[in-house]
1. Which of the residues belonging to the stretch A:319-334 are in contact (Cβ under 8 Å) with a residue 24 or more places away in the chain and facing chain B (nearest Cβ under 8 Å)?
2. Quick one: would you say residue A:87 is under 30 Å from residue A:135 (Cα atoms) and over 22 Å from the mean Cα position of the chain (by Cα)?
3. Run residue B:302 past the list (1) in contact with a strand residue (DSSP E or B) (Cβ under 9 Å, 6 or more places away or on another chain); (2) under 23 Å from residue B:18 (Cα atoms); (3) crowded, with 19+ Cβ neighbours inside 10 Å and report the number of the one that doesn't hold.
4. Which of the residues spanning the stretch A:142-168 are crowded, with 20+ Cβ neighbours inside 10 Å and of a type in the set (Phe, Trp, Tyr)?
5. Out of all the residues in the stretch B:315-330, which are closer than 27 Å to residue B:291 by Cβ, surrounded by fewer than 19 Cβ atoms within 10 Å (Cβ to Cβ) and either of a type in the set (D, E, K, R) or under 25 Å from the mean Cα position of the chain (by Cα) (or both)?
6. Do you know which residues across the stretch C:246-275 are under 17 Å from residue C:175 (Cβ atoms) and more than 12 Å from every other protein chain (Cβ to nearest Cβ)?
7. From the list A:76, A:120, A:80, which one is assigned by TED's automatic domain parsing to the domain that holds residue A:190, free of Cβ contacts under 8 Å to residues at least 40 places away in the same chain and either surrounded by fewer than 17 Cβ atoms within 10 Å (Cβ to Cβ) or under 21 Å from the mean Cα position of the chain (by Cα) (or both)?
8. Filter the stretch C:71-105 for residues that are of a type outside the set (A, V, I, L, M) and part of a loop (DSSP other than H, G, I, E, B); which is nearest to residue C:166 (Cα to Cα)?
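The values are calculated or read from the model by the stated rules, or taken from the named source; none is laboratory data. These numbers were taken from a predicted model, which means no experiment stands behind them. Because the Cβ atoms are built from the backbone with ideal geometry, glycine has one as well, and the counts that use them run over all protein chains shown.
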Amino acid sequence: MDGLTGGIPPLVDQHSHGAVHGDVGLGEFETRLAEAAGATGPAPPGTTFFDSRAGLAVRRWCPPLLGLEPHCAPVRYLARRRELGAYRAGRLLLRGAGIGTFLLESSASGGLTSPAELARAADGRAHEVVRLETLAARVADTAGGADLFLAHVAEALYAASGTATAFASGVASCDDAPPPAAEVRAAAGRWLRARRPGETPGDPVLGRYLLWCAAATGLPVQLHCADPRRLTGFLRAMAGRGVDLVLLPDPWHRRQAARLAAVFPHVYADVGARPEETLGEAPFGKLLFSTGARGLAELYVVAARLFVRAMERLMGDWVADGWCRAAEAGRIASLVAAGTARRIYRLDAATG
Amino acid sequence: MDGLTGGIPPLVDQHSHGAVHGDVGLGEFETRLAEAAGATGPAPPGTTFFDSRAGLAVRRWCPPLLGLEPHCAPVRYLARRRELGAYRAGRLLLRGAGIGTFLLESSASGGLTSPAELARAADGRAHEVVRLETLAARVADTAGGADLFLAHVAEALYAASGTATAFASGVASCDDAPPPAAEVRAAAGRWLRARRPGETPGDPVLGRYLLWCAAATGLPVQLHCADPRRLTGFLRAMAGRGVDLVLLPDPWHRRQAARLAAVFPHVYADVGARPEETLGEAPFGKLLFSTGARGLAELYVVAARLFVRAMERLMGDWVADGWCRAAEAGRIASLVAAGTARRIYRLDAATG
Amino acid sequence: MDGLTGGIPPLVDQHSHGAVHGDVGLGEFETRLAEAAGATGPAPPGTTFFDSRAGLAVRRWCPPLLGLEPHCAPVRYLARRRELGAYRAGRLLLRGAGIGTFLLESSASGGLTSPAELARAADGRAHEVVRLETLAARVADTAGGADLFLAHVAEALYAASGTATAFASGVASCDDAPPPAAEVRAAAGRWLRARRPGETPGDPVLGRYLLWCAAATGLPVQLHCADPRRLTGFLRAMAGRGVDLVLLPDPWHRRQAARLAAVFPHVYADVGARPEETLGEAPFGKLLFSTGARGLAELYVVAARLFVRAMERLMGDWVADGWCRAAEAGRIASLVAAGTARRIYRLDAATG
């Protein structure tokens, strides 16, 4: 905590997917750890995913939360996890993560915790983020033709804007104007005819249409993307409309996202757990923390610890270096950790 | 200064645009600070552009030059600035920046200081860099048709090569041969018919033509670009012609620019204020410092301080680490800070 | 060695080209040093390639191996090198590099050491990596038409797979299926008709065909490329076939290569001499050291020293920081330095 007056407040995690319910064996644990790193198959013979930076982080920070030594053997850790039971182990991990508020993108599939379950387990608060593609799939499961589907989507968006904290979109690129109505109808028709129940839309026209509709509700929209520069047209078109847009790019494009946040007043950028990569690229009040956790409660712990340590180290350096005073450093850290999320998602007004 | 024998000499700033003349209020100050970071609109409600890495840097280094404490409140700083008057405040800031020589890209518009004004205010020397697009616009304001325009451009370039220190071009890409004469004539004709007075050419054919003409004068040419690799054809074609080319890429492409400087004997790269990003990518004698400042005298102070601190830290590390001795470190720092600019822009021969 | 239990074992250099045989004067030495940095011409007047990060590294680490002070003047160093004679100087340098095993991509041209010569000079072991384009050129020099050529290539690949340790390919991109036979025949015919003796194939269809054939032998394949993401289709198609693929991208794409190694069980990535850039991007067991040296024995010394120092510093930080214990750190360093190369190239079984 050197250099920070008062330390970092309980975090607001602006993006995650929830933890699994039941027990996990060594195999599933490793698979889920590997998935978090993007892996598509098993570790090569004689190797293990614990042998990675993420694996070291789990081994360092999670055992103590379950009453073990840091860096104990993975099998020992998983035995202890089973001994406690999934529910109790999950509670200990989530409560030890230091996260006070979760924005959870809940999806139909996957058997992960709902916002209410996550809030209870973590003894915190959880707010729902509605993924547009998931909402469209739910509507499509019951809708008739394209016209009815589009009407029901509009209704569902309006209803969701009353209960959700934000929308989330996955379109990779978007121009400065909504797609023409005829194209949207045609795309919807094609998709409805071809889809199986539960399937989400992959068509970019439909995705952009959903995004434009969601933005019209005035709720903040989270924009998951690879390279955020492909959304520049949309970002520019939304200026001055009173909607906050938050870029969540892939890890290669965090600096580009931060630069766009520096350019546009209504645009913000996710820093994940690595504030050091982007803190020089945008005003401090345009950057937000998230874990992006999915599946393992451990991933919340690791991302939160990484973020807090990186932020403390960075702010400690800045104070030691004369960049700012301790009080200022504390304020900067609090903005990224929680303050900006509280402001743009209106969390202090929300009741969730 | 650890590790540097004799310290860093007065800097040569190889690229900036000058400072504004009059007083600036809090609003304009913040806008200009934001512009320097690329922002297109006001800070979100409840936030300020002082809450950024650039803002912290201004608050740290500029108040002491005006007799205030570092990190004093922005309003206090601006009150002091007004109290001193724009002229005196500008002088104190520019003389405190540690820059001895300025290469100034002066433009017709903007109400910024001329080379002579900047030199007087900073008690240093200032040399003119002629932007090719601005020169073309000035010629076009009085020229008749395409043929006359092209003839006058050639004359103007020749005349400028006698007084200016370098040319500057803004073409994004350029091949290994000049555009065909017929295309150039057609592009010039189109542009002359459509343009309003003062308007600079945006046509790439015209831009490339200007660049080839400027390079033929033998004066160094500064190449502003996004990704410098799109200029590779031109760089290769200019090998062995006795013209030095200096790449000034956007901040994302500094390493690529440095690599091209490593590849071609006659190519150099701007490091801005961040030598640490590129010092390993090219021979030390191929890299040059610049502030890129425009509008606020504070931006000269901040960039120069950032550069000197980064260079001192880097060289201190290298000496402590055994990479080189202190005398060598001092020589390397001096090359990037001033020596290479003095050599390729022939500043010791110049009288400006 | 802080933080590392037992230190780093003798390195396995998974990629280099060998050293020159004869003496080298100051001019050739500088040219070869510059080539290693990608330069295409002489240093500008008044400057020298020793004035670069690579030059400092040579001046720091090589003179002591020849009995001189670190950082002595380049002319002094080269005089000593000549005094000792090329053979003895090469032996002293190579034996001082700390490399126990070399994977050498030997080519027909260039007058560089063969695996046997390198092993003898370095008092280590050396294994041959067969470059596919070179093998094709050798076959083409004696083959008749396209059909005969393709048949002889298949035979040559089969023969090489019995003696070589790995293949190496230079195709920039490759899809998930081999090119159609008719296209391959046509490409081979075109190339055979146009080529001069010794010329290697540049046609991408032929390059991809060679790659698919080489992978079918089961030997590991080294994939030299600019951006490794353009090989993703091929990487995916090779999953589960029992062939290990090692990406050797250009220095700009090391992180992307490491990410692909994290994604695919059978894919590995070269870290060159800079483990710090990629160690967080993939499991530790997916990353391998190499020097990439070509021409000067000094380049082996410099790359090996850089790697060991970076690794020791990184591991020291990790231990001091609580990321892992010293024994773990030693194991991680050993994997990247040698262990993974020993495993995937089956070096303990090999007799070379």
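1. Going through the stretch A:319-334, the residues in contact (Cβ under 8 Å) with a residue 24 or more places away in the chain turn out to be A:319-320, A:326-327, A:329-330, A:332-334.
If the condition is that a residue be in contact (Cβ under 8 Å) with a residue 24 or more places away in the chain and facing chain B (nearest Cβ under 8 Å), then A:332 is the only one that fits.
2. Details: under 30 Å from residue A:135 (Cα atoms): yes; over 22 Å from the mean Cα position of the chain (by Cα): yes.
The answer is yes for residue A:87.
3. (1)
4. Of everything in the stretch A:142-168, those that are crowded, with 20+ Cβ neighbours inside 10 Å and of a type in the set (Phe, Trp, Tyr) turn out to be A:149, A:167.
5. B:317
6. Just the residues of the stretch C:246-275 that are under 17 Å from residue C:175 (Cβ atoms), to begin with: C:247, C:260, C:264, C:267.
Within the stretch C:246-275, just C:247 meets the criteria.
7. Details: A:76 fails: assigned by TED's automatic domain parsing to the domain that holds residue A:190; A:80 fails: assigned by TED's automatic domain parsing to the domain that holds residue A:190.
After applying the criteria, what remains is A:120.
8. At the first step, the residues of the stretch C:71-105 found to be of a type outside the set (A, V, I, L, M) are C:71-72, C:74, C:76-77, C:80-83, C:85, C:87-88, C:90-91, C:95-96, C:98, C:100-102, C:105.
Now restrict to residues that are part of a loop (DSSP other than H, G, I, E, B): C:71-72, C:85, C:98.
On the way: C:71: 38, C:72: 40, C:85: 33, C:98: 22 Å.
Only one residue tops the list, namely C:98.
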